[in-house]
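Following: one structure in structure tokens, then a few remarks.
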Amino acid sequence: MRITAVTCVKNEGPFLLEWIAFHRLIGVTDFLVYSNDCSDGTDRLLEALAARGGLVHLPNPARGRNYQMEALKHAARTEVVTRADWVWIADVDEFLNIHAGAGDIAALIAACGDPQAISVSFQFFANDDVEAFVDAPVISQFTRSHNPDIWCGETAIEVKTLVRRDFPLQYFGAHRPFFKRNLAAAQRPRWTDGSGREVPHKFLVAANPRRIRKFPARGARDFATLNHYALRSLDSYLVKCDRGDVNRENRAFDDTYWRERNDPAWEDTSIARHLPALTEALRVLKSDPEIAALHDETVRLHREKCAELMTRPGIRKLRAQLRRASTLPPEEERLLARLGLAS
């Protein structure tokens, strides 16, 4: 079974090897990676990986501002996607945490009854008071998240989607594929959540903006969760803020984005079962001297960027603000205030 993972990157060099190694462990056979305007050696590392096979690296073809959607439009026509049995579109800070069987994609597909699409709910992992960047697996450093049934004030949580070759595709979205609105009901795809249940009808047909890319997470995660490490360390988060969004131009990161994702109420270490195999896979990748040197170069440049940012008064102010920020999501804090329970 050929499974192709598609992603867009900008200055993700220190995190690339972990993401690629992890996804190979769970069954991804091929990667299509679009990069744009990298200054930390991400593109050079990707070129070296591509030369060794199993990965295609392309410059982002976007001519407008919506980098990800233009890349996905291009991806749909590439051989590495059209020959795949399944396509997985995700970001480098997102890890598919499969609970079924051996913890791989084949087990997830089997548990869900081999549908044409499987949408897996996000679980946002908090910063965990990790301030400095450390060159170690992200999945080992961050173990706390919100209650996975509730994110901020929402019980409906965003998803990412595995798509089977025979899905009646009109186009790929970042969170889910779309089929033509006039497709007959009998021709609509069989589509499940991460528990093998049919996705809600309003999500299936993209009935309204509130249900285009999310649905209630409760009961939807029996076989898989999507661990999203959007914050990582405080230093790396500030680099992310400086870089800007890889998928959309002019998207700002601020106190609100941080606080919405820095809820440490829940501990989840289930993905750690992959750490021994991941550690060995990373050792094998870095046994290639060129790959090891290029990875180390991205780490050095990332640390240099962290240090350079601290010379900017605005970034120092943001760092101090984030260190002081409450770990209660804004909606929860407002509710407590209304109830007279705020501290």
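The values are calculated or read from the model by the stated rules, or taken from the named source; none is laboratory data. Since this is a predicted model, take the numbers as computed values, not measurements. Here the Cβ is made from the backbone with ideal geometry for all residues, glycine too, and neighbour counts use every protein chain on show.
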Residue check, Thr29 among the β-branched types (Val, Ile, Thr), surrounded by fewer than 22 Cβ atoms within 10 Å (Cβ to Cβ) and at pLDDT 95 or above: yes
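For region 119-166, which positions are of a type outside the set (A, V, I, L, M, F, W, C) and in contact with a Cys (Cβ under 9 Å, 6 or more places away or on another chain)? Quick ask: steps written out before the conclusion?
Step one: list which residues in region 119-166 are of a type outside the set (A, V, I, L, M, F, W, C), which gives 119, 121, 123, 127-129, 131, 135, 137, 140-141, 143-149, 153-155, 158, 160-161, 164-166.
Result: His146, single match.
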Conditions (1) surrounded by 14 or more Cβ atoms within 10 Å (Cβ to Cβ); (2) out of contact with any Asp or Glu (no Cβ under 7 Å at 6 or more places or on another chain); number of the one not met by Tyr171: (1)
Residue in region 224-242 that is assigned to a helix (DSSP H, G or I) and over 22 Å from Asp128 (Cα atoms) present: no
Criterion (among the hydrophobic types (A, V, I, L, M, F, W, C), farther than 25 Å from Asp268 by Cα and without any contact (Cβ under 8 Å) to a residue 24 or more places away in the chain) met by exactly one of Ala174, Ala186: Ala186
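Against the condition surrounded by fewer than 22 Cβ atoms within 10 Å (Cβ to Cβ), under 18 Å from the mean Cα position of the chain (by Cα) and assigned to a helix (DSSP H, G or I), how does Arg24 come out, does it pass? Steps first, answer last, please.
Details: surrounded by fewer than 22 Cβ atoms within 10 Å (Cβ to Cβ): yes; under 18 Å from the mean Cα position of the chain (by Cα): yes; assigned to a helix (DSSP H, G or I): yes.
Yes, satisfied.
Looking for whichever is more than 26 Å from Pro276 (Cα to Cα) and touching a Lys or Arg at 6+ places or on another chain (Cβ under 9 Å) here; the options are Asp93, Asp30, Asp43, Asp37. Which one fits?
Asp37
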Residue among Ala75, Ala50, Ala62, Ala102 that is over 20 Å from the mean Cα position of the chain (by Cα), over 26 Å from His274 (Cβ atoms) and small (Gly, Ala, Ser): Ala62
Those residues of region 78-137 which are among the polar types (S, T, N, Q) and within 20 Å of Val33 (Cα to Cα), in sequence order: Thr78, Thr82
Count of region 289-319 residues which are at pLDDT 95 or above, under 30 Å from Trp266 (Cα atoms) and either in contact with a Cys (Cβ under 6 Å, 6 or more places away or on another chain) or loosely packed, with under 13 Cβ neighbours inside 10 Å (or both): 0
Any chance Leu204 is without any contact (Cβ under 8 Å) to a residue 40 or more places away in the chain, surrounded by 18 or more Cβ atoms within 10 Å (Cβ to Cβ) and of a type outside the set (Val, Ile, Thr): yes
Within region 235-270, considering residues that are β-branched (Val, Ile, Thr) and at pLDDT 90 or above, the one surrounded by the fewest Cβ atoms within 10 Å (Cβ to Cβ): Thr269
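For a quick check of your reading: which helices (runs of 4 or more DSSP H) sit entirely within region 254-332 and have at least 1 residues that are farther than 24 Å from Asp129 by Cα? Let's see the steps before the verdict.
Numbers: elements: 255-261, 275-286, 289-309, 313-324.
Of the helices (runs of 4 or more DSSP H) lying wholly inside region 254-332, those with at least 1 residues that are farther than 24 Å from Asp129 by Cα span 275-286, 289-309.
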Enumeration of residues in region 79-100 that are in contact (Cβ under 8 Å) with a residue 12 or more places away in the chain and over 23 Å from Gly13 (Cβ atoms): Val81, Arg83, Ala84, Asp85, Trp86, Val87, Asn97, Ile98, His99, Ala100
Output for region 289-326, where each listed residue is under 26 Å from Trp19 (Cβ atoms), touching a residue at least 24 places away in the same chain (Cβ under 8 Å) and of a type outside the set (A, V, I, L, M): Glu290, His295, Glu297, Thr298, His302, Arg303, Lys305, Cys306, Arg319
